[in-house]
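Chemist: Sharing a structure with you now.
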Amino acid sequence: MGGDRFVVLGLANVRAPWFGEVARWSTSAALPVDFVKVVSPEEARARLGSGRPFSALLVDAGLAAFDRDLVDVASRHGCAVVAGDDGRTARNWHDLGVHAVLPPGFGPDELFDALRAVARPIARGDDLVSPPDAGDDGETATWRGRLVTVTGAGGVGRSTLAMALAGGLAADPRDRGLVVLADLALHAHQALLHDAGDVVPGVLELVEAHRGTVLPPDQVRALCFSVDARGYDLLLGLRRHRDWTALRPRAWASALTSLRRAYQQVVADVDADVEGDDQCGSTDVEDRNVLARHTLGDADLVLVVGLPGIAGVHSQLRVIRDLLELGVDGGRMVPVVNRAPRSPRQRSELGSALSALLGATVPGVTLASTPVFVPERRRLAEVAHDAGAPPAPLARPLVGAVRGLLDQARHVRSASPTPAEPVLVTPGSLGSWSEDEAGLP
């Protein structure tokens, strides 16, 4: 390899037997390896983000901090991940995204063979390289349920409409027992609206379980509460606002994928706060909003709830603009006016005002449909307390719009040709070519 060598970042407990052995092999030139020790995941992330290229991240399999988020950070910086198996930890390394696994008590030859197979040697004096795009995490599924998110500014009745939508979808015998309502708000209170009687398990347990593995559908359903009277399951949300600090982006992405594999319809009650590092320059704010940002970006349909009136239309328009800035396609957004007036003329004026203001502030954006109007219903608190079904006038317009738009999107995808299929060519349509025309001898 000439002047090339492997630059390996090692993360393990200081008492791990191989930790000192690899350092000795490096300093004695038994292997062409530069070994850099770190003793915490935070230090490993800082090293990876420093701009220095690393060939591989060698991690002790027994570390609790060894999860899919750490693997994702290394992969985004072009660094292969090698696990040093301790013989006691049973994990699905492929699902975790690990590139190679070394057996307990591995020797220098086994380490060198693994590095040659999955890592890139680095020449001395190499310029700093930009990290490649993150690849697929190996969790691409052949089928996933539909994800519908309900969002909006505070006080617009978002949680109530999410509950009504889940109940309306579950009323169809085809989806009975295959609908889940996920409470993904930072200030979660679906447990209160459903009188759940408990606060665990919930979204924290689901995310924690996906830090290092992927749960099968039956185990995902076991983390949800069954609301028998309404025909759907409920995933409880965060128990305290500050619990967002325990969430990790890649673990939540994997958890959401598993949730969609376990149910045909996923209805998510999500905050409208989607600010991230690009908007405010704070990675902490982006981590706090990870539930909303990823869920809204991955959703098949986004219902943006607002209220009638000047303040209501202004708040709804602000949420739509924030979602567009996040990258949510306008063709996936449906405006919903809660507590709408009964007068057709007033409803028409609300729809025209929202369309005109949106066109003036964000030209060229087309939403998935015209506003869906939900009338005001009284005594909803009694319905929630008695665990009864949502009133039909509340659920009917939401379910009709959601099912129609999801079916339309399914037909559009099925009608689009796949690039792998051959396409018939009309004779003569490609022109002609001869050696004379090309100027060949």
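The values are calculated or read from the model by the stated rules, or taken from the named source; none is laboratory data. Keep in mind that what you see is a predicted model, and the values were worked out from it rather than measured. A quick note on method: Cβ atoms are made from the backbone with ideal geometry, for glycine too, and the neighbour counts reach across all protein chains shown.
Chemist: From ALA46, ALA83, ALA90, ALA65, which residue is of a type in the set (Gly, Ala, Ser) and part of a strand (DSSP E or B)?
Modeler: Of the residues listed, the single one that is of a type in the set (Gly, Ala, Ser) and part of a strand (DSSP E or B) is ALA83.
Chemist: Okay, moving on. Of everything in the range 16-33, what is more than 36 Å from the chain's Cα centre (by Cα) and of a type outside the set (A, V, I, L, M)? Give them in sequence order.
Modeler: Listed by number, the residues that qualify are PRO17, GLY20, GLU21, ARG24, TRP25, SER26, THR27, SER28, PRO32.
Chemist: Something else about it: Inspect all residues belonging to the range 273-284 and state whether any of them is surrounded by 20 or more Cβ atoms within 10 Å (Cβ to Cβ) and touching a residue at least 40 places away in the same chain (Cβ under 8 Å).
Modeler: Scanning the range 273-284, I find at least one residue that is surrounded by 20 or more Cβ atoms within 10 Å (Cβ to Cβ) and touching a residue at least 40 places away in the same chain (Cβ under 8 Å), so the answer is yes.
Condition check ((1) among the small types (Gly, Ala, Ser); (2) at pLDDT 90 or above; (3) out of contact with any Leu (no Cβ under 6 Å at 6 or more places or on another chain)) across all residues:
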{"residue": "LEU354", "(1), (2), (3)": "no, yes, yes"}
{"residue": "ASP386", "(1), (2), (3)": "no, no, yes"}
{"residue": "ALA389", "(1), (2), (3)": "yes, no, yes"}
{"residue": "PRO393", "(1), (2), (3)": "no, no, yes"}
{"residue": "VAL425", "(1), (2), (3)": "no, no, yes"}
{"residue": "GLY431", "(1), (2), (3)": "yes, no, yes"}
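Chemist: What about SER254, is it polar (S, T, N, Q) and either in contact with a Pro (Cβ under 8 Å, 6 or more places away or on another chain) or in a strand (DSSP E or B) (or both)?
Modeler: no
Chemist: State yes or no: is LEU301 touching a residue at least 24 places away in the same chain (Cβ under 8 Å) and either in contact with a strand residue (DSSP E or B) (Cβ under 7 Å, 6 or more places away or on another chain) or in the same structural domain as VAL73 (by TED's automatic domain parsing) (or both)?
Modeler: Against the criterion (touching a residue at least 24 places away in the same chain (Cβ under 8 Å) and either in contact with a strand residue (DSSP E or B) (Cβ under 7 Å, 6 or more places away or on another chain) or in the same structural domain as VAL73 (by TED's automatic domain parsing) (or both)), LEU301 qualifies.
Chemist: Just to verify a result, which residue in the range 98-114, among those that are among the aliphatic types (A, V, I, L, M) and not in a loop (DSSP other than H, G, I, E, B), is surrounded by the fewest Cβ atoms within 10 Å (Cβ to Cβ)?
Modeler: Among those residues, the one meeting the criterion is VAL101.
Chemist: Scan the range 335-359 for residues that are within 31 Å of the chain's Cα centre (by Cα) and surrounded by fewer than 15 Cβ atoms within 10 Å (Cβ to Cβ) and jot them down.
Modeler: Passing the criteria: only GLY359.
Chemist: Quick test of your reading of the structure: SER75 fulfils all but one of (1) at positive phi; (2) touching a residue at least 60 places away in the same chain (Cβ under 8 Å). Name the failing condition by number.
Modeler: It is condition (1) that SER75 fails.
Chemist: Specify which of the listed residues (PHE106, PHE54) is aromatic (Phe, Trp, Tyr), more than 22 Å from VAL214 (Cα to Cα) and touching a His at 6+ places or on another chain (Cβ under 9 Å).
Modeler: None of the other options fit; the residue is PHE54.
Chemist: Right, next: If you check ALA83 against the conditions, is it aliphatic (A, V, I, L, M), modelled with pLDDT of 90 or more, out of contact with any Gly (no Cβ under 9 Å at 6 or more places or on another chain) and in the same structural domain as PRO103 (by TED's automatic domain parsing)?
Modeler: It is true that ALA83 is aliphatic (A, V, I, L, M), modelled with pLDDT of 90 or more, out of contact with any Gly (no Cβ under 9 Å at 6 or more places or on another chain) and in the same structural domain as PRO103 (by TED's automatic domain parsing).
Chemist: Quick one: ALA401 ticks every box in (1) in contact with a Gly (Cβ under 9 Å, 6 or more places away or on another chain); (2) at pLDDT 85 or above; (3) hydrophobic (A, V, I, L, M, F, W, C) except a single one, so which number is it?
Modeler: Result: ALA401 passes all but (1).
Chemist: Which residue out of VAL319, VAL334 is assigned to a helix (DSSP H, G or I) and within 25 Å of ARG396 (Cβ to Cβ)?
Modeler: VAL319
Chemist: Continuing with the same structure: Just to be sure before I move on: is GLY51 over 26 Å from LEU247 (Cβ atoms), touching a Pro at 6+ places or on another chain (Cβ under 6 Å) and assigned to a loop (DSSP other than H, G, I, E, B) in the structure I sent?
Modeler: Judged against the criteria, GLY51 is not a match.
Chemist: Another one. For the list (1) of a type in the set (A, V, I, L, M, F, W, C); (2) in a loop (DSSP other than H, G, I, E, B); (3) in contact (Cβ under 8 Å) with a residue 12 or more places away in the chain, I need the number of the one condition that VAL22 fails.
Modeler: Among (1) of a type in the set (A, V, I, L, M, F, W, C); (2) in a loop (DSSP other than H, G, I, E, B); (3) in contact (Cβ under 8 Å) with a residue 12 or more places away in the chain, VAL22 violates only (2).
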